[in-house]
Each structure stands twice: as C-alpha cells, then as structure tokens.
Amino acid sequence: MKGRVLIIAGSDSGGGAGIQADIKSVSAMGAFAATAITALTAQNTLGVHGIEAVSTPFLRQQIRVVLEDIGADAIKTGMLHDVPTILAVCAELRALAHAVPLVADPVMVAKGGHRLLAEDAVATLRAELLPLASIITPNIPEAEVLCGITIRDEADMHAAATKLLSLGVRAVLLKGGHMEGPVLVDLLVSATGTTRFESPRIATRHTHGTGCTLASALAAGLAQGMALEDATSRARSYVRAAILKAPGYGQGHGPLDHSARW
C-alpha cells in the first residue's frame, strides 16, 4: 500500500497547513511523501504574517531531482502563489510526469484571509494547471473564482463543477464547507457522473489545513492504486477524525490532529 506522493506546495511554519500538513497526511495514509517547496510562510493560527518565495529555477530543480530518482505514483499541488511559479511547475510536470495522477488544490486564500495566490495568476492557474489535473479540490469561494458562477446551493455546486470540467479537468471534488446548515455536502463530479458525500457539520474553529489535508490524503489513495471514489471517501473520513481530535492549539483557526485514526 505504500505509494509515492510528490507534494508541490508552500510551507506553513505553524504546522497546520501547507507542506507540513501534507507530509503528515500522506504518512498517516501509509504512503511516502516527497516535497518541492514553492514558498516559505511565517504563519500561525491567527494568519499569514510573511511570505518568501522560492526561486523558480530551484523549485524546478526540486521537482526534477525527486522525479528522476525516487519517482511518484501521484502528485499533489497546493500553494502556487504567482504566474512564474505556476508556469515552472507545469513545465516540469509536462516534461517528467505527464502520466502521473495530479491532485490540484487551487489554494487562493488562507483561513485567516491572507491571499496565497496573486490575483493576476488566476487565469494562468485556470489555463495551465487545471488541464493537467486528474482532480481538483476547490472549496466554494475558489470554485466561484475559477468558473465565474455564484454558488448558493447544491444545484449551483453541481453547475460550477460541470463548468470546471469543461476547462479540461477530469474530475472535481467541490467541497461544501462554506455553505450554511447542519449538514456538509461535498460533490465528486466527473464525466461518468456525480457522487454525493454528506456528513454532519462539526462546530469548531479548529479547521486550519483541512483543504491541504484532504487533498494530500486523496493523493495518497491514488498513489496506492485506489479508485477515485474510494480514495475520496477515505480522505474525508480521515479529515473528519482529525477535526474531532484537534488539539485546540492557538488563539485562532487551530490545526487538526493528523495522527487521528479514522
């Protein structure tokens, strides 16, 4: 069940999201995590306080040396904060990993509200990264930006996911956590149909890194040869358990417990 996952994302010094959450999630699934870091952030549960970008030549070198030696059974992308970063990542993926399943988490804004993707990079993300993705995992605000549809209910979620498929993505896991109500609904939409996932909403402020955690756990499942629906179901169960066991750290949006059993 091991499976190799290359994670291309930013670092979260607070340990709740980003590369730190990605590594912990992939490891919890029993897979092997390798990384290429796009940026460093000074971050805690109260927000992002600073960002230092990694140079694109060095980012490309990180990706290349991992793929040429260790290889990957799946790739997960997270924070790709500007146009040069997106173009560099896509160039390496096209050259060295065109047949490897790609889980793209279109990270745009941190939980505390800080932008993690430049506004002028949205079009590049849409045009360059999305067509390479086996699946993308946007939340509702991210999906609205990517497809230009206002999402108010489940029917809007389905319409938005369908429009995202038209951009060349093979599957969309549209997360419904930003919707109101006691029940949380996620939709997995592909050309073969729609799978609806439902679970009771957990009332908590300790949800920092849920998107990173879910996408990385999903990538681990694909790396281990699981079917997309099964990998999604397992990842959702893991995230729910990690939220329920959140340690309560910090004064703001606290981290999950990535060691949780699901």
Within the range 36-66, how many residues are farther than 20 Å from Arg94 by Cβ, of a type in the set (S, T, N, Q) and in a strand (DSSP E or B)?
3
If you take the residues of the range 109-139 that are of a type in the set (A, V, I, L, M, F, W, C) and out of contact with any strand residue (DSSP E or B) (no Cβ under 7 Å at 6 or more places or on another chain), which of them is surrounded by the most Cβ atoms within 10 Å (Cβ to Cβ)?
Leu125
If you take the residues in the range 67-100 that are assigned to a loop (DSSP other than H, G, I, E, B) and of a type in the set (A, V, I, L, M), which one is farthest from the chain's Cα centre (by Cα)?
Ile70
Residues located in the range 131-151, provided they are out of contact with any helix residue (DSSP H, G or I) (no Cβ under 8 Å at 6 or more places or on another chain) and modelled with pLDDT of 95 or more
Pro131, Ala133
Of the residues in the range 21-35 that are assigned to a helix (DSSP H, G or I) and not small (Gly, Ala, Ser), the one that is surrounded by the most Cβ atoms within 10 Å (Cβ to Cβ) is Asp22
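For the condition on the phi > 0 side of the Ramachandran plot and in contact (Cβ under 8 Å) with a residue 40 or more places away in the chain, what is the one hit in Gly10, Gly14, Gly30? Even if it seems obvious, please write down each step before you answer.
Values: Gly10 fails: on the phi > 0 side of the Ramachandran plot; Gly14 fails: on the phi > 0 side of the Ramachandran plot.
Selected residue: Gly30, the only one of Gly10, Gly14, Gly30 that is on the phi > 0 side of the Ramachandran plot and in contact (Cβ under 8 Å) with a residue 40 or more places away in the chain.
Within the range 101-139, which residues are part of a loop (DSSP other than H, G, I, E, B), free of Cβ contacts under 8 Å to residues at least 60 places away in the same chain and closer than 19 Å to Leu173 by Cβ? Lay out the reasoning, then the answer.
Initial filter on the range 101-139 (part of a loop (DSSP other than H, G, I, E, B)): 101, 105-108, 110-114, 116-118, 133-134, 137-138.
Okay, now just the ones that are also free of Cβ contacts under 8 Å to residues at least 60 places away in the same chain, so 106, 108, 117-118, 133, 138.
Pro106, Met108, Leu117, Ala133, Pro138 - these are the residues of the range 101-139 that are part of a loop (DSSP other than H, G, I, E, B), free of Cβ contacts under 8 Å to residues at least 60 places away in the same chain and closer than 19 Å to Leu173 by Cβ.
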Please enumerate the residues belonging to the range 74-125 that are closer than 14 Å to Leu59 by Cα and among the small types (Gly, Ala, Ser).
Gly78, Ala88, Ala91
Of all residues in the range 162-187, which are surrounded by 22 or more Cβ atoms within 10 Å (Cβ to Cβ), more than 14 Å from the chain's Cα centre (by Cα) and in a strand (DSSP E or B)?
none
Being of a type in the set (Lys, Arg), at pLDDT 95 or above and farther than 30 Å from Cys147 by Cβ: is that true of Arg4 here?
yes
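The values are calculated or read from the model by the stated rules, or taken from the named source; none is laboratory data. Computed from a predicted model, the values in this text were never measured in an experiment. Note that each Cβ is placed from the backbone with ideal geometry, even for glycine, and that neighbours are counted across all protein chains shown.
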